[in-house]
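Student: Got a structure here, written out as structure tokens. Questions coming.
The values are calculated or read from the model by the stated rules, or taken from the named source; none is laboratory data. The structure presented is a predicted model; accordingly, all values stated were derived computationally and were not measured. Neighbour counts are summed over all protein chains in view; Cβ atoms, including those assigned to glycine, are modelled from backbone coordinates with ideal geometry.
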Amino acid sequence: MKTPNGLSKTNILFLMFLSLLIISTCYVYHNFDTYNSIQIVMDDVSVIEYGTANYNVKEDIKDIEGDIVSIETVDTHLVGNQEIVVNVVKENMVKEIPIIVSVVDSIAPVIELKEEKITIDYGDTYDFNLNVLSVHDEVDGDIPYVGDCSVDTHYYNFSFDSNTIYDSGEHEVVVFALDSNGNRTDKSFILEVLEPKPVYVSPVYSNIAGNANGGSLVSLAYSYVGYPYISGSNGPYGFDCSGFVQYIYSLVGISVSRSTSTQIYDGVPVSYENAQPGDILLWGYYDGAPTHSALYVGGGKMVHATNPSQGVLASDVAAWTRGSGTHVIAVRRIP
């Protein structure tokens, strides 16, 4: 059956369907084009500092096609890259656009010192950690001291000239700290080592005959090498330094006093250049007060009770001078 205009109902329905199809296709295409046109243009990955408050990603957007509806929150206390979603609307179409935000730690640790200058006497040593009040990093918290520098980051230590640090004068000590992200801080202080105090030198004699028991004293001293160091003991199973000297002399029937501070007055004084086997060597710092005693055995060597870890041993006098920080302040010969 045809309509007055000559078209059949079937044709009319087909034309209507075709029109709807064209309209729908145009609508879908328009929406597709609109959706694809929604975009955010940024110069690069957005970089923000750790702990930044009230960060607004809009500040890093160069251009935008559409309007921002919502933005996910950036955790500025989490170092590294974070993907956040920005919802953008255009013509009632909403598109989720992921962007990368990089939270970085570029701030180095803070070092606080107690004093800018430390002063010590010549011959003293100093623990540099005593002058460090704190080493703190905003990301890592407190930074620990690591003595052997066995790690690459997250520690602090000291830099100085170990060959001259305890020479008299002023020396720079640098405290350096690295956080877990490799940021470094250096802060220095001065270690002042005072000049050695004048030492009273007692008269010495060069024409005093050697100890007649020198050979026996040396043999006896060597026979006790390896015995333990026992504080306050003068033998026979262990010794402290002055107790060892007193005991060895007692074996040949000679009496000497018990302590280092009194042995410096026993016998007669001779110079180290004239020291002979069996003489007593008194050691100390530049203030002249004795801190250690030993039995000279000749050839630049001595036998002595050293400390709990080494016990009684034979040592080279020059080597002991270099290693202990002390020196021979008196030589006493027992006639």
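Student: I need the full set of residues from segment 143-198 which are charged (D, E, K, R), within 28 Å of V104 (Cα to Cα) and not in a strand (DSSP E or B), in order please. Full working, then the answer.
Tutor: Within segment 143-198, the first condition is being charged (D, E, K, R), and the residues that meet it are 148, 152, 161, 167, 170, 172, 179, 184, 186-187, 192, 195, 197.
Filter once more, keeping what is within 28 Å of V104 (Cα to Cα): 152, 179, 184, 186-187.
Residues satisfying the conditions are D152, D179.
Student: When the residues of segment 48-70 are filtered to those that are closer than 19 Å to S106 by Cα and of a type in the set (S, T, N, Q), which remaining residue is modelled with the highest pLDDT?
Tutor: T52
Student: Please work out which residue is farthest from H292 (Cα to Cα), limiting yourself to segment 302-313 and to residues that are surrounded by 14 or more Cβ atoms within 10 Å (Cβ to Cβ) and of a type in the set (G, A, S).
Tutor: G311
Student: Report whether or not S162 is closer than 30 Å to S150 by Cβ and surrounded by fewer than 14 Cβ atoms within 10 Å (Cβ to Cβ).
Tutor: So S162 passes the test.
Student: Just a yes or no: is a residue in segment 127-136 modelled with pLDDT of 90 or more and either assigned by TED's automatic domain parsing to the domain that holds S70 or assigned to a loop (DSSP other than H, G, I, E, B) (or both)? Spell out the reasoning first.
Tutor: Our first condition is that a residue be modelled with pLDDT of 90 or more; within segment 127-136, this holds for 127-136.
In the following step, the residues that additionally are either assigned by TED's automatic domain parsing to the domain that holds S70 or assigned to a loop (DSSP other than H, G, I, E, B) (or both) were identified as 127.
Taking every residue of segment 127-136 in turn, at least one turns out to be modelled with pLDDT of 90 or more and either assigned by TED's automatic domain parsing to the domain that holds S70 or assigned to a loop (DSSP other than H, G, I, E, B) (or both).
Student: Quick one: would you say K95 is surrounded by 15 or more Cβ atoms within 10 Å (Cβ to Cβ) and in contact with a helix residue (DSSP H, G or I) (Cβ under 8 Å, 6 or more places away or on another chain)?
Tutor: Values: surrounded by 15 or more Cβ atoms within 10 Å (Cβ to Cβ): yes; in contact with a helix residue (DSSP H, G or I) (Cβ under 8 Å, 6 or more places away or on another chain): yes.
For K95, the condition - surrounded by 15 or more Cβ atoms within 10 Å (Cβ to Cβ) and in contact with a helix residue (DSSP H, G or I) (Cβ under 8 Å, 6 or more places away or on another chain) - is met.
Student: Can you tell me which residue in segment 195-211 is modelled with the lowest pLDDT, limited to those that are surrounded by 13 or more Cβ atoms within 10 Å (Cβ to Cβ) and farther than 30 Å from I120 by Cβ?
Tutor: Taking the candidates together, the pick is V204.
Student: Being within 30 Å of M93 (Cβ to Cβ), at pLDDT 70 or above and surrounded by 12 or more Cβ atoms within 10 Å (Cβ to Cβ) is the filter here, so list the residues in segment 1-47 that pass it.
Tutor: Within segment 1-47, T34, Y35, S37, I38, Q39, I40, M42, S46 qualify.
Student: Count, please, the residues in segment 125-165 that happen to be closer than 30 Å to L78 by Cβ and among the small types (G, A, S).
Tutor: Filtering segment 125-165 for residues closer than 30 Å to L78 by Cβ gives 132-146, 149-157.
Going one step further and asking which of them are among the small types (G, A, S), we end up with 134, 141, 150.
Qualifying residue count for the region: 3.
Student: Could I ask something else about it? Just give me the residues in segment 96-111 being part of a strand (DSSP E or B) and touching a residue at least 24 places away in the same chain (Cβ under 8 Å), in sequence order. Can you show your working first?
Tutor: So the first thing to find is which residues in segment 96-111 are part of a strand (DSSP E or B), and the list is 96-104, 110-111.
I97, I99, I100, V101, S102, V103, V104, V110, I111, listed by residue number.
Student: Given (1) more than 16 Å from N36 (Cβ to Cβ); (2) in contact (Cβ under 8 Å) with a residue 40 or more places away in the chain; (3) not acidic (D, E), identify the lone condition not met by M93.
Tutor: It is condition (1) that M93 fails.
Student: Regarding V218, is this residue over 42 Å from the mean Cα position of the chain (by Cα), surrounded by 14 or more Cβ atoms within 10 Å (Cβ to Cβ) and not in a helix (DSSP H, G or I)? Quick ask: steps written out before the conclusion?
Tutor: Working: over 42 Å from the mean Cα position of the chain (by Cα): yes; surrounded by 14 or more Cβ atoms within 10 Å (Cβ to Cβ): yes; not in a helix (DSSP H, G or I): no.
Against the criterion (over 42 Å from the mean Cα position of the chain (by Cα), surrounded by 14 or more Cβ atoms within 10 Å (Cβ to Cβ) and not in a helix (DSSP H, G or I)), V218 does not qualify.
Student: I'd like to verify a number: residues in segment 318-331 that are buried (at least 19 other Cβ atoms within 10 Å of the Cβ) and of a type in the set (A, V, I, L, M), how many?
Tutor: Applying the first criterion (buried (at least 19 other Cβ atoms within 10 Å of the Cβ)) to segment 318-331 yields 320, 328-331.
Filter once more, keeping what is of a type in the set (A, V, I, L, M): 328-331.
Number satisfying all stated conditions: 4.
Student: Taking helices (runs of 4 or more DSSP H) that fall entirely within segment 221-335, which contain at least 3 residues that are touching a residue at least 24 places away in the same chain (Cβ under 8 Å) and touching a helix residue (DSSP H, G or I) at 6+ places or on another chain (Cβ under 7 Å)?
Tutor: Details: elements: 241-250, 260-263, 317-324.
The qualifying helices (runs of 4 or more DSSP H) are 241-250.
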